[in-house]
Structure formats: structure tokens, C-alpha cells
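See structure below.
What follows draws every value from the coordinates through simple rules; no lab data is involved. Model, not experiment: these values are computed from the prediction. FYI the Cβ positions are ideal-geometry reconstructions off the backbone, even for glycines, and counts take in every protein chain you see.
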Amino acid sequence: MEMEGSNKHQSFFQDIKSRELHGFRVKKRPYISIESSEVDQIGAVAVEHNGNTPLPMAISFCKTNKNSHILAVADEDGYVSLYNTRLKFPSSFTHQQNAEKAKMLEWVAHENAIFDVCWIKDDTNILTASGDQCIKVWDAQENQCIRTLMGHIGSVKSICPHPTNQDVIVSGSRDGSFSLWDLRSSCSSSSQKFYTPSIAAVHKAHISPHQRRVKGGKASSMSITSVLYLKDEISIATAGAVDSVIKFWDTRNLKSPVLQACPHPDVSSYEEMRLHGVSSLSQDLNGVFIAASCMDSRIYLYNVLQPEKGPVNTFTGCQINSFFVKSAISPDAAHVLSGSSDGNAYIWQVNKPLADPIILKSHDVEVTAVDWCPSETGKVATASDDFTVRFWNIQSSCYSNTRSPSSIRRRVMALSSMERRKLFTDEKQPASIKNDSDVCHSNIACTENMPSSTKTPEISTPKSKKKHLQDFEVEENLEKTPEAAIKSPSSVLNPPSSLKRTIRDYFLMTSSGMHCQ
């Protein structure tokens, strides 16, 4: 094939050599360059219903490319409202006028505050977690409740779907437990066919025997503030209000966490720790990093391959004075966005944690929930106690070609000089290309630029910390949900033995499954 442009007349082997020297050029998602970026406020909408102005509590952009501009806002009065963030918001409009223009749909989802909201199943369903101690599954088109998940005895603070099978959900509650649910199962009673019980629950997941009492004799908080279903489809990360420890659980054996992570892993005892709760957890699209907002006004970034070694980065500058202040790592893991009690929102560059963050200034009081638009790069939303939700855009002219920290890229290595000559001269028998497997193992090295790490240790609880672990109260209701066991090809609590075992195996299998090109 004739190539255009005189500067492109180079041999096949020159092209291969160029790839060897400069790396295999793959299409990369651009991300924001902090140094030169400018932030524009696209618009702001007032959260208001029939003259009432409730506080926005949780926000979530749709996950599919087609609908990613739609933002769900859940509030203190139990409403869910859907807004179109692609509209033009004239500067002359009030926040109330913007809301009337952008609002697509709203309904009363709970008779209590909604603390978390999440889109599932290609944006056809919405999950809501409420202070009424239940989770509801909504048909987003018809705004009808199709399932109610009941079992917690405290406000449900956080929900997260399974990364591939979104009939499976994990939730965390103020009652100190986290629970697993399967939407395909339902209550055996015909009168309660829309009610779904949990298939397993772990109680007192974040309460230490050393921290049962605080000054004044009051019991310390054991609330679960955030839960994540990790990308290996088996592991769950949880955090709570009692301390800054993140616990990692294997859903096949929930008797105790398999790993723990905290900001100061070298501290040997609770007595030496300054206890600060975690307000939120988030993970990037590839599942490489977990960002944890801590009540010491820091955001800690952990590598999921070695979380027990402590955070790889720490971000400071915001004020986290309440558990309502959340943070979110961007889908490409290039940036961290956080609310703040000082009325601003902050954006840090992951690769430069010590650089000054971008400050989003416009809200009047504490900024709480935040979210990244998954498809429109640079668009974010922030919610505040000033009864508004604001949309921001970081100028596309500031995008950088620098690869994001969590991207997985293959490098194609060139053939040796002798092999190139042999291949070039011997057209009848290209002996150097024996078969695909030989080439992949000898001539062409397929590697991944994963986050920097040394030797990956075996996943186990460090001996020094085993004495601090306790037997957690685990309830498994599998006998009540035969539908879950029958219909689920990869049952949460009893997956086939062929499946990868841990989050680390997930990345190793991703590596071995990539073909040379």
C-alpha cells in the first residue's frame, strides 16, 4: 500500500525499530494538565421541590457514553432528580431557572434522606441508599421502584455494584455492617415479592476491641461510611467512621479481612494512632488505585496491589470537617477531585501530589458530593450545602498527551538485527516467525506499564496484625435465596475454582491474557 507523505517512506523494520525505541503508540485518553488549565463553571442548578430547598446529598453521572451528560441528584428530602448537563446555562438565568430548564425528571424515592445514588445496567436502573434503612432499585425510565433491599438496622450510607454482574450489590450501613445482595432473588412470601433479603452480612466490620469505648464512656462509632466492589469481582473494600483503616474482604470467606491498609502502616498499635474516620472511597476505571478521604483533611491514594504498604500519594489543601465531604478519583486515575468544608472544591494531579491543586470557587458553604463525567473528559459536578449543584469544565486546550497513571500499555520490542536480516532475505521460509507463541516469548516482549511496584508479596494478613483481628459476625442467607445460587454463573460466595483468587490475580491474569501485536 502506498503511504502518503515523503517522510513516511520508511521500511517495515525501521518502523518496528522506532516502536522499540519510543514505545508502542496506542490511543490514549487525554487528561488535564494542571499547570496551564483553566476551569469554567458551565452552570448551576438549585435543588428545590415545591418551594422547599433540601440539601443535595449524593450525585452520580450516567455510566454509558450516550447518557453520560445526565446527572442524578439525591437529596435530604428523599427526592431523585435527573438533570441534562449539556444545556447552555445563560448567565442571566437564576439557579432556579436553570433547574427548571435542565431538569428531566424527578420523583420521591424515599421518605428520608438519600445518602448514596448509583446507576446500573447501562443506566436503565438507579440504586438509592437511604436513612430509612433500605436500598431501592428504580426503573430510571418509568421512575418506578422494582426492588426494595431490606435488612440493615441503620441508615444505609454507601452502595456499590459488582463490576460485571450488576445484579450483585454491596452496601454499608451506620449499623456497622456491610451486606451483599442479589437482585435476582426475592422474598419467598408472595405478599413481599418485591422485597429482597441480603445473601450475606458482616456485622461490626469496623470496630476494634481496643476502641470499644472512648472518653466519657460512650461507645465509639462503628458506622460503615463507604464500600467498593473491586475489579477482581471477588474483593470488597470497606471503610468506616471509627478510624482510617481500609479493610479488604474476600467474598468467599467473610470471617475476617484478608488485608488492611492505613495511612501509617509502620505504627504497631492503636494506642499510637491518631484516629480519623474515612468519609469516602473511590476507585478508577481500571481499579488500580483507591482514593480515601480522611477526617484529618487528607486524601490518601493506595495501590490495590500493595495496599498494606500504605498510601503511594497524599493530597492536602482541602478541609474535611464532616463525613458528608466526599472525594472521587477520575476514571483515568489522573486526578483526584474533592469537596471541602471551606466552600471550595479541589483537583489534584495524581502524578504531582505536592503541586498546588486547582480550586473550584463558587459555592458559598461546604462542598459535599462530587463526581466525574465518565465520557466527557474534564466535566465534573459538585454539590453543596448552599442548595446548589454546579457543573464545571476544564478547558480542552489544556489536555495533555501524557499517559494516565493507571493506563495499561503494551510495548512491542523489535527483532534483533540478525533476525531482521534473515527475515528480509529469506522470503520463502520466514524461519524466525515459527509460531505465535514462540515469537511472543522470545522475539517480541509484551510488557505492561503498570503502577510502579516491587515484588508482589503473597496476599495474607501480616503476622504482626493477626492478633488484632477478631472473628466478625457473619450471616449467610444462601439457603433463603436458591434463585441466586442457581442463576448466578459466578455466585458471589461460591465462585468456580477456576476464577482468579484476589485483586492481584486480576492484574496478573489481565497481563497474561494480552496478546502481542
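At Asn65 and Ile359, where each label point lies 7 Å from the Cα along Cα→Cβ, what is the point-to-point distance in nanometres?
Going from the Asn65 label point to the Ile359 one covers 3.8 nm.
What length, rounded to one decimal in nm, is gained on full extension from Glu111 through to Arg252, with 0.36 nm per residue of separation minus their alpha-carbon distance?
Using 0.36 nm per residue and subtracting the Cα-Cα distance, I get 47.3 nm.
For the stretch 57-145, what does the alpha-carbon gyration tensor say about shape, rounded, prolate or oblate, given a ≥ b ≥ c as the root eigenvalues, a/c under 1.5 as rounded, and a/b over b/c as prolate?
oblate
Near the amide H of Gly43, under 5 Å away, which other amide H atoms are found, from residues 5 or more places off or on another chain, if H is placed in the peptide plane?
Counting only residues 5 or more places away or on other chains, the set is Phe391.
Taking the Cα centre of the stretch 60-102 as the origin, how large is its charge dipole in debye, to the nearest 20, when only Lys and Arg (+1) and Asp and Glu (-1) carry charge on their Cβ atoms?
Rounded to the nearest 20 debye, it is 420 debye.
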